[in-house]
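Readers should treat all values here as calculations from the given coordinates under stated rules, not as data from a laboratory. As the structure is a prediction and not an experimental result, all values here were calculated from the model. Here the Cβ is made from the backbone with ideal geometry for all residues, glycine too, and neighbour counts use every protein chain on show.
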Amino acid sequence: MEPTVGAGSLVFVFKPGPELSGVHSGDLVVFPSPADGTPVIKRVVAVGGQQIEVQDAVLYVDSSPVNEPFVDLATIDGTYYPRTEVPAGTVFVMGDNRERSIDSRDYGPVPLESIDGLVLGPRP
């Protein structure tokens, strides 16, 4: 999640009750990696019912470009991801270091019930 959360950083995580609600675009969430189960932090870029796509490194949600000053577009220009609708009950997550992030573009949307908590702190 660099540059937002650097390697070795400590974060506070809010662990809500069994029914996770109130997850919004821009939130940082913690969940087990689909690859190996280790905890990962990613940014929610879209919630169920929204459409996402990436055109020449720019993220679009519901056909509108998203301002992401924490993403270095110069390192990922020429990157595309097809228009995809996020299913209900899931979120689409991406890392802020898009060039190296393994995220929903690789393993698909994350079910809300898989989210262990929300990282507390300022949102962009």
The FRET efficiency for SER33 and GLU53, from their Cβ-Cβ distance with R0 = 25 Å and rounded to 0.05, is 0.55
Extension length gain for ASP62 and PHE12 (0.36 nm per residue less Cα distance), in nm, is 14.9 nm
Descending packing, highest mean Cβ count within 10 Å first, for 63-76, 44-57, 22-35 is 44-57, 22-35, 63-76
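Please state the charge dipole magnitude for segment 25-119, taken about the Cα centre, from unit charges on C-beta atoms (+1 on K and R, -1 on D and E), reported in debye and rounded to the nearest 20. Present the calculation step by step, with values, prior to reporting the outcome.
Working: 6 positive and 15 negative charges, 12 e Å.
Roughly 60 debye, rounded to the nearest 20.
Based on other C-beta atoms within 10 Å, arrange LYS42, LYS15 from fewest to most. List each step's numbers first, then the result.
On the way: LYS42 25, LYS15 10.
Fewest-to-most Cβ neighbours within 10 Å comes out as LYS15, LYS42.
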Any trypsin sites (Lys or Arg not before Pro) in segment 74-110 that lie in a DSSP loop and have at most 11 other Cβ atoms within 10 Å would be ARG100
